[in-house]
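Take a look at the structure below.
The values are calculated or read from the model by the stated rules, or taken from the named source; none is laboratory data. None of these values were measured; they are calculated from a predicted model. In this analysis, Cβ positions are derived from the backbone assuming ideal geometry, glycine residues included, and neighbour counts consider all displayed protein chains. All accessible areas refer to the heavy atoms of the entire protein, side chains included, with ligands and DNA or RNA removed. Shrake-Rupley method; radii C 1.70, N 1.55, O 1.52, S 1.80 Å.
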Amino acid sequence: MSLLDYFKTSKTSSASLAKERLQILVAHERVSNNQPMYLPQLQKELLDVIQKYVHVDKDAISVKFEQDGNQETLELNIMLPDDTTKRF
Amino acid sequence: MARIIVVTSGKGGVGKTTTSAAIAMGLAKKGHKTAVIDFDVGLRNLDLIMGCERRVVYDFINVINGEASLNQALIKDKNCNLLYILAASQTRDKDALSQEGVGKVLDDLSKDFKYIICDSPAGIERGAHLAMYFADDAFVVTNPEVSSVRDSDRMLGILSSKSRRAEQNKEPIKEYLLLTRYSPERVKLGEMLSVDDVQEILSLHLLGVIPESKSVLNASNSGIPVILDEKSDAGQAYADIVARYLGENKPHRFIDDKKGFFGKLFGGK
């Protein structure tokens, strides 16, 4: 560190940027790492079954797995289309 | 019964072996009979850091395979007679480690030793998994740098789900943070994550901070654990960590920038 560096302070510190990026990433990865291995397959198969009966988009279905202490919850959320003509 | 400590990180090159050697020496110097085991099969280095590379005759895999007894394979440290080293095999591949075999060696060591330090390899493969599987305590070695922090968090997830304690529904492994290669000056300039930042992200109990120090390379060059360099900052930081782990109340050091105005003006270090 020299005399010049002493007066030169960067506007946004790279450390705060690192912290922000890490917090987002770590929060995201913690959720996906705790999920059971079968979750993506389950989601795909559920979607196949539902699409047999209702026209829904791929992203109209969400499967959430949550763990709170000893309690595990599997939450399934399907958005049915507003347009009833789209249903069979 | 021995207390089994795993020194882990996920990422390579953050100071696992340096830390294992220092902590093992520190515990032995405090009067506790300690064994330190290298789990990095194929890439052993603990022997080199401990300065006993020319005395390795039998290794960990030889013991697991029944080709040598534990007493034949344990190398007595030249600086402390309460410290023993079990080297990894340099020739075999990592699949030579079996969970049963490792469990048996740790059980046998537990009868005679107070502390067993498991120096984990980098990564999340077999060696790393087995190093942590039987642990009671985990020292998570982290650098204040994005990839190291991310990998440490991943290791914490594995520690809490894939250990013997987790599988048997026992009290979970106690996890501690060791922040290494820390530069208070760079933290002050906003160029490096601070201790508080890393602690906030990982939510871990801080056991100690090891400052970036020339003494670490000097120690590994000469094969003497850095904790024996009592005048060095890193050596003192490791001594503090051992004391804190044993329950002594030591305030944290090496976190703040102590360099005065003239130090800053003329640089240096």
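Observations on the model:
- The residues B:210, A:50, sorted by heavy-atom accessible surface at 1.4 Å with ligands and nucleic acids left out, run A:50, B:210 from largest to smallest.
- Across B:25, A:79, B:192, B:1, the residue with the most accessible area heads the list, and the full order at a 1.4 Å probe is B:1, A:79, B:192, B:25.
- In this Cβ point-charge picture (+1 for Lys and Arg, -1 for Asp and Glu), the stretch B:92-143 has a dipole of about 60 debye about its Cα centre.
- Label point 7 Å beyond Cα of residue B:250 along Cβ direction - residues of the stretch B:184-211 with amide nitrogen under 13 Å: B:207-211
- Value of [θ]222 nm, deg cm²/dmol, for the protein assembly as shown, DSSP H segments ≥ 4, -39500 (n - 2.57) each, nearest 500: -12000 deg cm²/dmol
- For peptides A:19-31, B:49-61, B:81-93, sequence by mean Cβ density within 10 Å, most packed first: B:81-93, B:49-61, A:19-31
- Candidate aspartates and glutamates for bridging to residue B:114, where Cα separation is under 15 Å - those fewer than 8 sequence places away on the same chain excluded: B:136, B:137
- Test item: B:176-189 mean partner chain Cβ contacts at 10 Å: 1
- Chain B against chain A buries an accessible area of about 1800 Å², both chains summed, 1.4 Å probe radius.
- Here residue B:258 is the anchor, and the lysines within straight C-alpha reach of less than 16 Å, apart from those fewer than 8 places off in the same chain, are B:188, B:269.
- Peptide A:14-26, shielding by other chains (average Cβ, 10 Å cutoff): 6
- Using a cut-off of 27 Å between Cα atoms, the listed pairs B:78/B:170; B:16/B:250; B:16/B:214; B:29/B:231 include B:78/B:170 as exceeding that distance.
- Fraction of beta bridges assigned by DSSP in chain B that are antiparallel (%, nearest 5): 5
- Contour excess over end-to-end distance, with Cα ends at residue B:214 and residue B:99 and 0.36 nm allotted per residue: 37.6 nm
- Using a probe of 1.4 angstrom and keeping all protein chains present, the accessible surface of the protein assembly as shown works out to 54 square angstrom per residue.
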